[in-house]
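The values are calculated or read from the model by the stated rules, or taken from the named source; none is laboratory data. These figures come from a predicted structure and were not determined experimentally. Please note: Cβ atoms are built from the backbone with ideal geometry, for glycine as well, and neighbour counts cover all protein chains shown. The accessibility values were calculated without ligands, DNA or RNA, using every heavy atom of the protein model including side chains. Shrake-Rupley method; radii C 1.70, N 1.55, O 1.52, S 1.80 Å.
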Amino acid sequence: HYPRPYAYFSSRFLTAPDDLTLTRRLRALTLDRINEAQVYDPDGSFPTDVEGLHTGAAITEAEVESVKMTRYAPGSMEVTVSAERNRLFVVSEGYADGWQATIDGERVPIYRTNYVVQGIVVPPGEHSIKLVYEAPFFNISVLVSLAGLAAWLGLVGWSLWYSIRRRKRNRAE
């Protein structure tokens with residue numbers, strides 16, 4: 001069994017247009033703001049209708065929300081969530097190119113959150129989230145490796161063929 005990453009709905013977050021702002025905000029966090037997520041959003045694509053600190057809307061006691069990790073292995077996880085409104089889902093798995101997320105089978109963007117982890121916007125309702133890591137350039141790397149192996153085997157085969165041919169010629173002389 002692997003230790004599971006922590007996953008939650010962020011009740012407070014801010015978007016940051018650049019690395020400098022993001023870094024400055026993270027360095028300025030105090031204990032009263034420790035649960036405030038910082039979402040890196042250089043192109044302004046983060047939806048504006050997500051509930052959090054910037055809207056001032058708090059989740060009431062009557063609203064029931066949940067996050068449950070149902071399966072985890074390094075590079076693959078499944079989470080079931082129930083959200084009352086559009087929410088920022090944060091999972092403490094390292095952000096990197098190659099991660100892909102789906103909600104109920106539909107691909108969704110992953111936002112770099114708190115500089116190093118992943119954030120996903122979840123719509124209201126009960127949903128299944130899947131996160132899968134596929135190493136960038138993995139397929140190309142496999143093809144290059146196979147081409148190298150084929151070239152090496154070709155050279156070994158040619159060398160053996162040439163050696164056998166040379167021995168036969170020496171015997172004939």
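Here are a few things to note about the model shown:
- One compactness figure for the range 48-173 is 1.95, namely its Cα radius of gyration divided by 2.2 N^0.38 Å.
- Counting 0.36 nm for each residue step from residue 2 to residue 152 and taking away their Cα separation leaves a gain of 50.1 nm.
- Accessible-area value, residue 161, 1.4 Å probe, nucleic acids and ligands omitted, Å²: 130 Å²
- Per residue solvent-accessible surface (Å²) - the chain, probe of 1.4 Å: 65 Å²
- Spin-label proximity, residue 97 to the range 140-173 - amide N less than 17 Å from point 7 Å beyond Cα toward beta carbon: 140-142
- Of 149, 160, 131, the residue with the greatest mean-square motion in the GNM of the chain, using alpha carbon springs below 10 Å, is 160.
- The range 1-143, dipole about Cα centre (Lys/Arg Cβ +1, Asp/Glu Cβ -1), debye to the nearest 20: 420 debye
- Averaging over all projection directions, the Cα-based convex hull of the range 113-173 occupies 7.6 nm² in the image plane.
- When the chain is treated as a Gaussian network with alpha carbon springs shorter than 10 Å, the biggest mean-square fluctuation among 138, 46, 13 belongs to 138.
- In the elastic network of the chain, a GNM with C-alpha springs shorter than 10 Å, the most mobile of 101, 147, 83 is 147.
- For the range 65-128, the fraction of C-alpha pairs more than 19 angstrom apart is 25%.
- In percent, rounded to a whole number, the relative contact order of the chain is 22, using alpha-carbon pairs under 8 Å and six or more apart.
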